Amino acid sequence: MLRIAIRKRRADFQLDAMIEVPTPGTIALFGRSGCGKTTLVNCIAGLLQADRAFVAIDDFVLEDTDANVRVPVEQRRIGYVFQDARLFPHMSVMANLRYGERRARTGKRFVDFDQVVTLLGLRDLLHRRPHELSGGERQRVALGRALLSQPRLMLLDEPLAALDAPRREEVLPYLERLRDELAIPMVYVSHQFEEVLRLATHVVVMERGAIATQGPIETVSRHAALRAIVGDEAMGAVLNGVIVSRDSSTGLAAVQIGAGTIQAHLPEAVPGAHVRVQLLARDLILATHPVEGVSVRNMLAGTIVRIEPEDRGTELVEVDIGNGALAVARLTCAASVALGLHVQMPIWVLVKAVSIQGHAFRAPAA
Amino acid sequence: MLSPAELDAVRLSLSIAARSVIVSLPLAIVVAWLLVRGRLRGRVLLDAIVHLPLVLPPVVVGYVLLLLFGVRGPIGQWLDQAFGIRLVFTSSGAALATAVMTFPLMVRAIRLSLESVDPGLEDAARTLGAGAWDRFFSITLPLMVPGILAGVVTAFAAGLGEFGAVITFVSNVPGETRTLPLALYTALQTPGGEALAARLASISFALGLCGLLIAEFLARRMRRMLGR
C-alpha cells in the first residue's frame, strides 16, 4: 500500500493531496501544467519540504511530520526520473547507470545490471556519453539509472514531455514493460491523457493543487473533471476488453467488451490478451433497434443509465453494456428527443471499427 | 644560452607560481562555494575582500603582508616561534604574496564554473543515494574542472609576473626571491643590462603565451568531453 498525504502552501495555490493505493501499480498524476503535480512528486521525494506530510510505502514511513520523521532524500530509495533526464554529463552511460547501483545498500537488490540493460535496450549505448544520445535514449538511460538504485518507488515526472511524438512512441513500450515485468510501484506524472491511458492502473486527476477525482481509469475516464482537462473532443469512456480471436489475413480482432463483442482492427493483438479501449463519445452512434444496411459492423446491446445535458445543445448518454461496463455517447439534444431517449431504455450502441484504431492498448497485467 | 642567474630566475618564477597555486587552490574552491552556494550573511563583504588585491596597489598588499607576516608581525612572530618558519626574504614568502595577488583571478574562474553547474544534477545524485560530500566530489567538483583548470592556468601565468607585492614583502634576493620580473627590473637598473633585459622579457612573453594557449587547449578539450 502506498499512502501519501501532503499539504503545502505555494505562492499561487495550496497543494492538498491524499492518495492511498495498493502496490505495486502505476499511479498517474494527471492535470494541466502548473496544477501542482511536480510539487507533489518533489514532496514525496523529499526534495521539497511539505508543510505537513505523511508518506509511506507499505510499512516503511518516509516522512511523517506529525511524528517528526523525515528520512533524508538520499536514504529514501526513490527512483526519480526527471523530465530533462539529468544524466551526469561527465560520465559515460555505463557510469551513469552504475552511479545509483553502487550506492544502493547490498542485500536488497531485485533488479540487476544485465536485466535493466536488456529490458531497456541499453546494450549499444553503454560506452557513449550523454550528449551523444537522442532524447529518447537519454530518458531510457535515466530510467535504467533510477531502476538500478533499487528503488522502493519510482517517480516519473513527465519523462516524455520533452520528446516529439516518434520519440515518445519509442519510449512508451519500455514503460509498459517496466510496469508489467517489475513489481515496483510507480507514480507517473503527465499532462498527456494517452500516456495515462496506456500506463495507469490508478488515475489521480489534479486541479489547482487539489485532487479533483481519483480511481481506476474506467471510472475516472467518465468524470467531468477529466473532461474539463482533455476537452470535449477527446472525451470517451475507457473500457476493458479481452481479445477473443483474430483473423490474421484481415487483421480484424474480436474484442469482448461488456456483454458484447466488437470487431476492431488490431494487427498486433493476441487472443486472450487484455486490452484497454477508449470509445470516444463523439464517435458512438445510438440506435433504438438493431440496424441493417449500414457500414458499421459493431453493435452492442445495452441500457441507458444516465443522461447528462451539456451546455452546447448536446448531451452525454451513459449506456450499461453489460458486466458493469459503461459506454458514453454524445448526441445532440434534438436527436435524443427524436429517439425519445430516457433512462432504463434498452438501446444499441454502434461503434465503427476504425474509430478504435489508436485507442486500444495493452492493459496492465492484473 | 641562458646564464645561471637567468636560469635561476626562470626556475624561481615557475616554482613560486606553482607553489602559490597549490596553496590557494583549495581555499579558492571553498571561497567560490561560499560565494555561490553559501547562505552566510557576509557574502558581499567576503566577495569584496577577495577582490581587493585586484584594485589595491600591489605595494599596499606587500606592505600589509609585511605587517602581518613580518618577523615582528602577529602571524609572522607566531610562525617563527612555533615552527621556525620565516616568510620574509624567502621564496615561501614570495609564493604567499603571489597567492594573495592571484587569488581573485582563481576565485572568479572557479565561481563561474560552479554557477554553471545545474543544481538539478545534484538533486538527481541525491535521489540516487549520494550524501552531501559524495555529491560534491562525484558531481559538483568534476563539473567544475574546466573552470578550475582555467583558474589554475591563469593564476599560474599571472603569478609568474607578480612584481609589486613580492618585492615589497620579500625584497629582491638573488636565488631566493629574484623572479623573472625582479631580475628584469634589476637588469634595467644595471648599466649595460639592456640585452639581458630584452632576453628576460622575451622569456616572459613566451611563458605567458604558452600559459594562455594551454588554458585554451584544456578548455576546448573539457568542453568536448562534456558535450557543450
### Query
Are there GluC sites (Glu not before Pro) in region A:144-239 that DSSP marks as loop and that have at most 14 other Cβ atoms within 10 Å, and which are they?
A:233
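List the trypsin sites (Lys or Arg not before Pro) within region A:293-350 that fall in a DSSP loop (any state other than H, G, I, E or B) and whose Cβ has at most 14 other Cβ atoms within 10 Å. Walk me through the intermediate numbers first.
Values: sites: A:297, A:306, A:312, A:330; in loops: A:297, A:312.
In loop regions of region A:293-350 (DSSP not H, G, I, E or B), the sparsely surrounded trypsin sites (Lys or Arg not before Pro) are A:297, A:312.
At a Förster distance of 22 Å, what's the computed FRET efficiency of residue A:180 paired with residue A:234, Cβ-Cβ distance as r, to 0.05?
Values: r = 26 Å, r/R0 = 1.16.
Efficiency for this residue pair is about 0.30.
Work the Kirkwood hydrodynamic radius out for region A:232-295: mean of 1/r over every pair of different alpha-carbon atoms, inverted, in Å. The partial results should precede the final answer.
Values: mean 1/r = 0.0767 Å⁻¹.
For region A:232-295, the Kirkwood estimate is 13.0 Å.
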### Message
Let me cross-check residue A:84: its accessible surface, 1.4 Å probe, with only protein heavy atoms counted, in Å² to the nearest 10?
### Response
90 Å²
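Heavy-atom accessible area per residue, the protein assembly as shown, 1.4 Å probe: how many Å²? Walk me through the intermediate numbers first.
On the way: 27490 Å² over 594 residues.
Ligands and nucleic acids excluded, the result is 46 Å² per residue.
Roughly what percent of Cα-Cα pairs across region A:177-249 reach past 14 Å?
Looking at region A:177-249, the distances longer than 14 Å represent 66 percent of pairs.
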### Query
Once the Cβ-Cβ distance between residue B:18 and residue A:126 is put in as r, and R0 is 45 Å, what FRET efficiency do you end up with, to the nearest 0.05?
0.70
### Query
What are the residues of region B:111-131 that lose 20 Å² or more of accessible area, with a 1.4 Å probe, going from their chain alone to all protein chains?
B:120, B:121, B:123, B:124, B:126, B:127, B:128, B:129
### Query
Among the trypsin sites (Lys or Arg not before Pro) within region A:62-115, which fall in a DSSP loop and have no more than 14 other Cβ atoms within 10 Å of their own Cβ?
A:105, A:108, A:109
### Query
How far apart, in nm, are two points set 7 Å out from the Cα along the Cα-to-Cβ line at residue B:48 and at residue A:323?
7.8 nm
### Summary
dims of region A:48-188, Cα set, principal axes, largest to smallest, nearest Å -> 47, 33, 31
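Please compute the contact order of region A:104-189 in relative form: average sequence separation of alpha-carbon pairs under 8 Å and at least six residues apart, divided by the residue count, as a percent. Can you show the working numbers first?
Working: 65 pairs, mean separation 30.5, N = 86.
After rounding, I find 35 percent.
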### Message
At 7 Å along Cα-to-Cβ for each site, give me the label-to-label distance between residue B:36 and residue B:115 in nm.
### Response
1.0 nm
### Query
Can you give the accessible area of residue A:64, probe radius 1.4 Å, in Å² rounded to 10?
30 Å²
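What does the buried accessible surface come to for A and B, summed over both chains, with the probe at 1.4 Å? Round to 100 Å².
Details: alone 16540 and 12800 Å², together 27490 Å².
In total, this chain pair buries about 1800 Å².
Hydropathy at least 0.0 by Kyte-Doolittle, axial extent at least 24 angstrom from the Cα trace: which helices of chain B, defined as entire DSSP H runs, fit? List each step's numbers first, then the result.
Details: long enough: B:4-36 (46 Å, 1.60); B:91-115 (34 Å, 1.02); B:141-160 (27 Å, 1.95); B:194-226 (48 Å, 0.97).
Sorted by number, the helices that extend far enough and score high enough are B:4-36, B:91-115, B:141-160, B:194-226.
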## Note on the structure
Distance in Å, no decimals, from the C-alpha centre of region B:10-56 to the one of region B:166-203 is 27 Å
### Query
Counting only the heavy atoms of the protein chains, how much of residue A:9 is accessible to a 1.4 Å probe, in Å² to the nearest 10?
140 Å²
### Message
With an 8 Å Cα cut-off and a minimum separation of 6 or more residues, compute the relative contact order for chain B in percent.
### Response
29 percent
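Work out, in µm²/s and without decimals, the Stokes-Einstein translational diffusion coefficient of chain A at 20 °C, 1.002 mPa s, Rh from Kirkwood over C-alpha pairs. It would help to have the intermediate numbers written out before the result.
Details: Rh = 22.2 Å.
Diffusion coefficient, whole number: 97 µm²/s.
Sort A:174, A:99, B:63 from largest to smallest accessible area, using a 1.4 Å probe on the heavy atoms of the protein chains. Could you put the intermediate results ahead of the total?
On the way: A:174 45, A:99 5, B:63 130 Å².
Ranking A:174, A:99, B:63 by accessible area, largest first, yields B:63, A:174, A:99.
Whole number please: convex hull volume per residue, Cα atoms of chain B, in Å³.
On the way: hull volume 33.7 nm³, N = 228.
Per-residue hull volume (Cα only) is 148 Å³.
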#### Entry: Residue-span extension gain [residue A:109 to residue A:225] - 0.36 nm each, minus C-alpha spacing
37.7 nm
### Query
Can you pull the percent of the protein assembly as shown's accessible area that's carbon plus sulfur, 1.4 Å probe, other chains left in place?
58 percent
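The values are calculated or read from the model by the stated rules, or taken from the named source; none is laboratory data. Worth saying up front: this structure is predicted, and the values here are computed from it rather than measured. Using ideal geometry, Cβ is built from the backbone for each residue, glycine included, and neighbour counts are taken over all protein chains shown. Please note that ligands, DNA and RNA were not included when accessible areas were found on the heavy atoms of the full protein model with its side chains. Shrake-Rupley method; radii C 1.70, N 1.55, O 1.52, S 1.80 Å.
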